[in-house]
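Have a look at the structure below before the remarks.
The values are calculated or read from the model by the stated rules, or taken from the named source; none is laboratory data. Just so it is clear, the model here is predicted, and its values are computed rather than measured. Here Cβ is always computed from backbone atoms with ideal geometry, including for glycine, and neighbour counts include all displayed protein chains.
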Amino acid sequence: MKIVFVTLFPNLISPYFEDSILKRAFEKKLFSMKFVNFRDFATNKHQKVDTSIVGGGAGMILDNLALRNALNHLKQKYPNSKTLFLTPVGKRYNQKDAVRFSKEEVLILVSGRYEGFDERLIEDLADEVISIGDFILTGGELGSLIIADSVLRNIKGVLGNSESLQEESFNENLLEAPSFSKTGEVPQILKSGNHKEVKKWREKTSLLKTKFHRPDLF
């Protein structure tokens, strides 16, 4: 798959892919990336992309034109793409979304700035509007990175052990069972070699852990 980051600050995103698992996956061509700075699509003399809010209000808002030009260009170039706008007013992102988006051919992640997007951009160009949580950041770049990471790890071959995807938190609307290193004391059942009993223990502790930490998942 291809991830397209639409942002005013590509350098906030690109270093994340210079190390670890995603670097290796990128070098193996398991996915590709493109960075689009929509300031390059501004038509005014000084390439301004922000403007005051019609009707008044604090701060500035992303101008309608530059981002619209950039996304129209990308829509033409990648007609089978899905465009996600990152904004706190969107749908709360979850693991099921990550798995769903990993099946896309091209995923376009649009990072907001200032006081957000001109509403016409969302109405005309967003396939989905996504929020990573009920809090405010200075920009959408961190949100785009979170979505990219969580999506790409679901691509076949990105993780060294694909079985780890099967036992992760949220797969069955439950948190993952507790895990332990080999040092120190651990529950004896995990050393028993009885795979059936270990599986039962993990199912039970997964349920208890979810009830304690995330009762909202029930």
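If you go through region 208-218 and keep only what is surrounded by 12 or more Cβ atoms within 10 Å (Cβ to Cβ) and under 23 Å from ARG92 (Cα atoms), you end up with LYS209, THR210, LYS211, ARG214, LEU217. The residue that is surrounded by the most Cβ atoms within 10 Å (Cβ to Cβ), counting only those in region 111-129 that are out of contact with any helix residue (DSSP H, G or I) (no Cβ under 7 Å at 6 or more places or on another chain) and farther than 12 Å from ASP63 by Cα, is ALA126.
Just one residue in the set GLU115, GLU119, GLU105 is at pLDDT 80 or above and of a type in the set (Asp, Glu); that residue is GLU105. Restricting attention to region 113-128, the residues that are within 23 Å of MET1 (Cα to Cα) and either small (Gly, Ala, Ser) or not assigned by TED's automatic domain parsing to the domain that holds VAL36 (or both) add up to 1. Would you confirm whether or not region 158-177 contains a residue that is among the aliphatic types (A, V, I, L, M), at pLDDT 85 or above and surrounded by 12 or more Cβ atoms within 10 Å (Cβ to Cβ)? Within region 158-177, one or more residues are among the aliphatic types (A, V, I, L, M), at pLDDT 85 or above and surrounded by 12 or more Cβ atoms within 10 Å (Cβ to Cβ). Among the residues making up region 179-205, a single one is under 19 Å from GLN95 (Cβ atoms) and modelled with pLDDT under 80: SER179.
Conditions (1) assigned by TED's automatic domain parsing to the domain that holds LEU12; (2) out of contact with any Phe, Trp or Tyr (no Cβ under 6 Å at 6 or more places or on another chain); (3) of a type in the set (D, E, K, R); (4) within 20 Å of TYR16 (Cβ to Cβ), marked per residue:
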site	(1), (2), (3), (4)
PRO88	yes, yes, no, no
LYS96	yes, yes, yes, no
LYS103	yes, yes, yes, no
SER111	yes, yes, no, yes
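Taken over region 98-125, the residue count meeting the criterion of being closer than 16 Å to ALA66 by Cβ, part of a loop (DSSP other than H, G, I, E, B) and in contact with a Ser or Thr (Cβ under 8 Å, 6 or more places away or on another chain) is 3. Taking region 1-73 as the region of interest, the strands (runs of 3 or more DSSP E) fully inside it that hold 2 or more residues being modelled with pLDDT of 85 or more are 2-6, 32-36.
Among residues of region 69-84 that are assigned by TED's automatic domain parsing to the domain that holds ALA148 and surrounded by fewer than 18 Cβ atoms within 10 Å (Cβ to Cβ), those with a Cβ under 6 angstrom from a residue that is at pLDDT below 95 and part of a helix (DSSP H, G or I), sequence gap 6+ or separate chain, pair up as ASN69/PHE41.
Annotation note: of ALA66, ALA70, the sole residue that is hydrophobic (A, V, I, L, M, F, W, C) and either over 14 Å from VAL36 (Cβ atoms) or touching a strand residue (DSSP E or B) at 6+ places or on another chain (Cβ under 9 Å) (or both) is ALA70.
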